[in-house]
Every structure is written in structure tokens, then in C-alpha cells.
Amino acid sequence: MAERLVVLSDMWGAKKGLWITSYLGYLQQYFDIVFYDSLQLSDIKLDNYTAENVCEAFNRGGMNTALAQLLTKEREESHYLTFCAGGTIAWNAALSGLPIKSITAVSPLNLHLQTEKPDCKINLLYGEYQDDKPTAKWASEMDVNMEIVPKFGRELYSDDKIIQKVSLNLLQGLLKNTLSFKKLPLVS
């Protein structure tokens, strides 16, 4: 039986998330995948979906709504692959009792503000130019694996090289039963 992988999108969900199909294409034959659109989980309804408006709506309660929805929907211990806001949702859900085997979070938001770590294996991947990425000191103190990819920003997860890198790491981790990032080179 395949390992279960819960995928949480970025704050845009399916609205701007065609890149997510590439991850699913690589991983669906190896994992039993459950996908959640973070925007739908947050129950955010806006007249104008700009980055500023969506971020503000997440901060004004959307993140808490998404967290509560995920805690209601998920009960089975699973691995999590998350992007941007989805990483923050999964982190906080794990702290609230969601059974999680591991979190692979690409470009999660505001984790540098966290002072408590979920009790699971955590792998973080950030772009060099992302403003709110944690420091190496924070990662060491929190005992999480963190890699910074040079010459990328917040939306690195939509780049084909990163999609291949993250997918390969998940598959290698599955085979070795470790699910941790190895410093693999980007695929040319």
C-alpha cells in the first residue's frame, strides 16, 4: 500500500496553480495523494484577488479557518508536501494535534516567527531572495532541515527545476524511509 501524501497549495490554490499538476504527475504513482486548495480551505471570498488582498485575508482569519478545516478533514497520519501558505497551515495543524509523519514545505510563510516545532521530520526549502526565510541559526535551534536555493525567490516552487528536485527528494526519501532533503543539484 502506498504512503499517503497530503498536498497543500499556496495561497492562490487552483486559481494560479497549474504548476501543481507537475508535482502530482511525478508523485501520483508512488503516493496515495490527497490535495487541498489552501484558498478554498481558508474560505476567503474577495471581489478583487490581488496578492495584497489575499495575504491580508489570510492574516485576518483565513489562516485560522484553513487550519480548522484541515484539522476537521484529516485524521490519518500522513506525509505533507506544502507550498507557501500551505506550509504554515500544516506546521500549525501539527502543533494543534494533526497526525503528521513529515512536512516538506517549499517557501512557507513566516515560520521564522515560530518558537515551537511539530513532532515530525521537517524539510524546508526557500529561495535565496525570499524576505521572510528563517536564519540558519533558527533552523538549527528548531532542529529542522533547511536548504536555501540560490537565485530564487518566494515562488521557486513553480519552477521546473525545483519541481523535479522536490519530487526526487520525496521519492528518494520514500525509498529510504527517511523523507529528508539531500543537497541534490538542480536538474539542468
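The values are calculated or read from the model by the stated rules, or taken from the named source; none is laboratory data. If you're wondering where the values come from, they're calculated on a predicted model, not measured in any experiment. FYI the Cβ positions are ideal-geometry reconstructions off the backbone, even for glycines, and counts take in every protein chain you see. Calculation scope for accessible area: heavy atoms of the full protein, side chains included, ligands and nucleic acids excluded. Shrake-Rupley method; radii C 1.70, N 1.55, O 1.52, S 1.80 Å.
Note down, for the stretch 17-58, the three equivalent ellipsoid semi-axes (square root of 5 times each alpha carbon gyration tensor eigenvalue), biggest first, whole angstrom.
After scaling each eigenvalue by five and taking roots: 28, 11, 7 Å.
Taking only the alpha carbons of the stretch 119-167, what extent do you get along each of the three principal axes, in Å, biggest first?
31, 23, 13
Take every DSSP beta bridge with both residues inside the stretch 58-188 and express the antiparallel ones as a percent of the total, to the nearest 5.
Numbers: 0 of 16 bridges.
Restricted to the stretch 58-188, the bridges split so that about 0 percent are antiparallel.
Provide the three semi-axes, in whole Å and in decreasing order, of the ellipsoid equivalent to the stretch 1-92 as defined by the square roots of 5 times the Cα gyration tensor eigenvalues.
On the way: eigenvalues 112, 48, 15 Å².
Its equivalent ellipsoid spans semi-axes of 24, 15, 9 Å.
Greater than 20 Å separation of Cα atoms is the criterion. Which listed pairs, Lys15/Lys101; Lys15/Lys45; Lys73/Lys176; Lys73/Lys161; Lys73/Lys133, meet it?
Lys15/Lys101; Lys73/Lys176; Lys73/Lys161; Lys73/Lys133
Out of Glu155, Glu56, Glu77, any idea which swings most in a Gaussian network model of the chain, alpha carbons joined below 10 Å?
Glu56
For the stretch 44-151, what % of the accessible area comes from carbon and sulfur atoms, probe 1.4 Å?
It is 45 percent, rounded to a whole number.
Could you sort 167-174, 86-93, 42-49, 138-145 so that the peptide with the highest average Cβ count within 10 Å comes first and the rest follow in order? Could the numbers behind the result be given before it?
Values: 167-174: 18.2, 86-93: 27.4, 42-49: 13.4, 138-145: 15.4.
Answer by packing, highest mean first, reads 86-93, 167-174, 138-145, 42-49.
Cα centroids of the stretch 9-67 and the stretch 150-176: how far apart, whole angstrom?
18 Å
Enumerate the whole-percent occupancy of each 5 Å bin, from 0 to the last occupied one, for all C-alpha pair distances of the stretch 83-181.
All Cα pairs considered, the percentages come to 3, 14, 25, 27, 20, 10, 2, 0.
Could you compute how fast the stretch 61-122 diffuses translationally, taking Rh as the Kirkwood radius over C-alpha pairs and applying Stokes-Einstein at 20 °C with viscosity 1.002 mPa s? Give it in µm² per second. Don't jump to the answer; show the numbers that get you there.
Details: Rh = 11.4 Å.
D, rounded to a whole number, is 188 µm²/s.
Just to confirm, what accessible area per residue do you get for the chain at 1.4 Å probe, in whole Å²?
On the way: 9350 Å² over 188 residues.
I get 50 Å² per residue for this part.
With the alpha-carbon atoms as the only input, what is the per residue convex hull volume for the chain in Å³? The partial results should precede the final answer.
Details: hull volume 21.2 nm³, N = 188.
Output value, Cα hull per residue: 113 Å³.
Which helices, taking whole DSSP H runs in the chain, have alpha carbons extending 20 angstrom or more along the helix axis plus mean Kyte-Doolittle at least -1.0?
Working: long enough: 160-176 (24 Å, 0.31).
Membrane-span-like by this criterion, though nothing is claimed about a membrane: 160-176.
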